Amino acid sequence: MNGNWNWDTFFDALPMVLEGIGITIGLTFACYLFALIFGFLWIFLRRIPVKSLNWIITWIMEFIRSTPPLVQLFFIFYAWPMVPVIGMALDPFTSAVLGLGIHFSTYIGEVYRSGIEGVDKGQWEASTALNFSIRQKWTKIILPQAIPPAIPMLGNYLIIMFKEVPLASTIGVVGILHMANSYGAQHWAYLEPLTIVAILFLILSYPSAILINKLEKKMNRRFDKKAIVKNSKGAVM
Amino acid sequence: MQGINITITVLIASIVCGYLTAFIAGFCRLSNNIILRKLTGLYVEVFRGTSLIVQLFWLYYALPILFGFDLGSDFWAGVLAISLNYGAYMSEIVRGSILSVAKGQTEAATALNMSSFQRMRLVIFPQAVRMMLPEFGNYLIQMLKATSLVSLIGMTDILYYGDILRSSNLSQAPTVYLLVLIFYFILALPLIFLTRKMEGISKKGVASG
């Protein structure tokens, strides 16, 4: 590398950037949790047996999915307080959880859906034959079989979300990217802090990607052997 | 909204460069040359492991300082970041699809005395492309969403003008952002239908290479 790289700046910026990492990780998990719960909501909304409603909800999901999360964040942070009647001011962290959470819940809803559709039809019929209530059907029969195969996909989304969380720095959540930018603005040195951020992301996301890969292989082996899943209740909830 | 030109230009440039990167990187990862393979592997892991917005800022702010050259403009920084990032993701699809073409096809082509280039061009590739289509369609929409980030490095796209409108009249914020969202959705609609069509094509199995 040439002379523009400065190790002093690097070590000067490191502690400041690291300060933001708690917020970045915290925000990731908060968004993820929100998306996991909200994803279920989409599933149940889509199962309402009214055709027109079903159509509307499908297109709402499509709308949320195909518009940029950045604009959605701006909408929630800047525009929501101005909406009459239901509008209220939200702090940056909550806006980010809502914005990114809702955006990714549509993806996670799809993951759930594919899991639920993957459950054999006979299982539904059997549970009806055994006189299970609707609640029992879902909690005892369908979900325990639908969720575990989806876990690797859900894990992938955790990593994807982790990489989208820096978007929140644009509305003032002080994560690592925000820290790096403000260090850059103070000292007029963007190179080192931004490199630190890139390295941090790599350090955190690469091992988790490998972990998810292993999990996926393990799952595949398990489901190849036997389709019946034991002890999986509450694996995600 | 004048910004729509910029958004579309960035989108098209990113799509072209992104697919180009994807195919080059995908083929490099399958090459027999170990150095080439490892280098591309490193590139893919780095760009998949860090987030797009960080790469964008890095290319825009850090690269000119580090190597002393400018990318020419914010336009190229944006296009480069988006296409390198999604190129990395899509190269994995290219690689996966080519690998999943049945081995017997390669053997049959060899038996017919085709050169390795002919084998790839006439036999393997046309079959692999069909498998790539649906995923590529999804990434089109992803790239459209990613173009909104270029407003952060000062490009005057839809979102940028939306921001300006908002700051000139705060109470209009809901309408402005809703409009921006709808604009993006209108841009995305043809891509959504294209994706569905691509899925249909790849299922029917009438895709031409």
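If we keep just the residues of the range B:169-187 that are buried (at least 20 other Cβ atoms within 10 Å of the Cβ) and of a type in the set (V, I, T), which is modelled with the highest pLDDT?
B:V180
Of the residues B:V16, B:V44, which single one is at pLDDT 85 or above, in a helix (DSSP H, G or I) and within 12 Å of chain A (Cβ to nearest Cβ)?
So the residue among B:V16, B:V44 that is at pLDDT 85 or above, in a helix (DSSP H, G or I) and within 12 Å of chain A (Cβ to nearest Cβ) is B:V44.
Tell me which residues, restricted to the range A:188-219, are open to solvent by 90 Å² or more (accessible area, probe 1.4 Å) and either at pLDDT 80 or above or part of a helix (DSSP H, G or I) (or both). If you could, list the steps in order and put the result at the bottom.
Filtering the range A:188-219 for residues open to solvent by 90 Å² or more (accessible area, probe 1.4 Å) gives A:188, A:203, A:206, A:211, A:214, A:217-218.
Within the range A:188-219, A:I203, A:Y206, A:L211, A:K214, A:K217, A:K218 qualify.
Provide a single number: the residues in the range B:91-109 that are in contact (Cβ under 8 Å) with a residue 40 or more places away in the chain and open to solvent by 50 Å² or more (accessible area, probe 1.4 Å). Spell out the reasoning first.
Restricting attention to the range B:91-109, the residues satisfying the condition of being in contact (Cβ under 8 Å) with a residue 40 or more places away in the chain are B:91-95, B:98-99.
From the residues that got through so far, the ones that are open to solvent by 50 Å² or more (accessible area, probe 1.4 Å) too are B:95, B:99.
Matching residues across the range B:91-109 total 2.
In the range A:109-120, which residue that is part of a helix (DSSP H, G or I) and charged (D, E, K, R) is most open to solvent (accessible area, probe 1.4 Å)? Steps first, answer last, please.
Taking the range A:109-120 and keeping what is part of a helix (DSSP H, G or I), we get A:109-117.
After this cut, where a residue has to be charged (D, E, K, R) as well, the list is A:110, A:113, A:117.
Details: A:E110: 45, A:R113: 80, A:E117: 125 Å².
Applying the filter and picking the extreme gives A:E117.
Out of all the residues in the range A:126-138, which are modelled with pLDDT of 85 or more and among the β-branched types (V, I, T)?
Residue satisfying the conditions is A:T128 alone.
For the range B:110-137, give me each residue that is open to solvent by 80 Å² or more (accessible area, probe 1.4 Å), in a helix (DSSP H, G or I) and out of contact with any helix residue (DSSP H, G or I) (no Cβ under 9 Å at 6 or more places or on another chain).
Within the range B:110-137, B:A111, B:F117, B:R121 qualify.
Quick one: which residue in B:S51, B:S31, B:S115, B:S97 is more than 14 Å from chain A (Cβ to nearest Cβ) and either closer than 30 Å to A:V197 by Cα or within 17 Å of the chain's Cα centre (by Cα) (or both)? First the steps, then the outcome.
Working: B:S51 fails: more than 14 Å from chain A (Cβ to nearest Cβ); B:S31 fails: either closer than 30 Å to A:V197 by Cα or within 17 Å of the chain's Cα centre (by Cα) (or both); B:S115 fails: either closer than 30 Å to A:V197 by Cα or within 17 Å of the chain's Cα centre (by Cα) (or both).
Just a single option satisfies the conditions, and that option is B:S97.
Can you say whether A:W55 is under 20 Å from B:L191 (Cα atoms), within 12 Å of chain B (Cβ to nearest Cβ), of a type in the set (F, W, Y) and free of Cβ contacts under 8 Å to residues at least 60 places away in the same chain, as far as the supplied structure shows?
On the way: under 20 Å from B:L191 (Cα atoms): yes; within 12 Å of chain B (Cβ to nearest Cβ): no; of a type in the set (F, W, Y): yes; free of Cβ contacts under 8 Å to residues at least 60 places away in the same chain: yes.
For A:W55, the condition - under 20 Å from B:L191 (Cα atoms), within 12 Å of chain B (Cβ to nearest Cβ), of a type in the set (F, W, Y) and free of Cβ contacts under 8 Å to residues at least 60 places away in the same chain - is not met.
Out of the residues in the range B:138-158 that are hydroxyl-bearing (S, T, Y) and part of a helix (DSSP H, G or I), state the one that is surrounded by the fewest Cβ atoms within 10 Å (Cβ to Cβ). Steps first, please.
Keep residues of the range B:138-158 that are hydroxyl-bearing (S, T, Y), which gives B:139, B:147-148, B:151, B:156.
When the remaining residues are screened for being part of a helix (DSSP H, G or I), the result is B:139, B:147-148, B:151.
On the way: B:Y139: 22, B:T147: 29, B:S148: 25, B:S151: 25.
Taking the candidates together, the pick is B:Y139.
I'd like to check something: does the range B:63-84 contain any residue that is in contact (Cβ under 8 Å) with a residue 60 or more places away in the chain, surrounded by fewer than 18 Cβ atoms within 10 Å (Cβ to Cβ) and not acidic (D, E)?
yes
What number of residues within the range B:156-190 satisfy the criterion of being within 7 Å of chain A (Cβ to nearest Cβ), over 24 Å from A:E62 (Cα atoms) and in contact (Cβ under 8 Å) with a residue 24 or more places away in the chain?
Matching residues across the range B:156-190 total 0.
Name, by its number, the condition in (1) closer than 24 Å to A:S95 by Cα; (2) surrounded by fewer than 21 Cβ atoms within 10 Å (Cβ to Cβ) that does not hold for A:A168.
(2)
Of the conditions (1) open to solvent by 40 Å² or more (accessible area, probe 1.4 Å); (2) within 24 Å of A:I23 (Cα to Cα); (3) away from chain B (no Cβ under 14 Å); (4) in contact with a helix residue (DSSP H, G or I) (Cβ under 8 Å, 6 or more places away or on another chain), A:D91 satisfies every one except a single condition; which number is it?
(4)
Specify which of the listed residues (A:Q123, A:Q72) is polar (S, T, N, Q), within 23 Å of B:I153 (Cα to Cα), modelled with pLDDT of 85 or more and part of a helix (DSSP H, G or I). Show your work before the answer.
Working: A:Q123 fails: within 23 Å of B:I153 (Cα to Cα).
After applying the criteria, what remains is A:Q72.
Please work out if A:T106 is away from every other protein chain (no Cβ under 11 Å), part of a helix (DSSP H, G or I) and surrounded by fewer than 17 Cβ atoms within 10 Å (Cβ to Cβ). Spell out how you get there, then give the answer.
Working: away from every other protein chain (no Cβ under 11 Å): yes; part of a helix (DSSP H, G or I): yes; surrounded by fewer than 17 Cβ atoms within 10 Å (Cβ to Cβ): no.
Criteria not met by A:T106.
The values are calculated or read from the model by the stated rules, or taken from the named source; none is laboratory data. Bear in mind the structure is a predicted one, so any value in this text is a computation, not a measurement. Cβ coordinates were reconstructed from backbone atoms using ideal geometry, including for glycine residues, and neighbour counts include every protein chain displayed. Just so you know, the surface numbers come from the protein's heavy atoms only, side chains and all, with ligands and any DNA or RNA stripped out. Shrake-Rupley method; radii C 1.70, N 1.55, O 1.52, S 1.80 Å.
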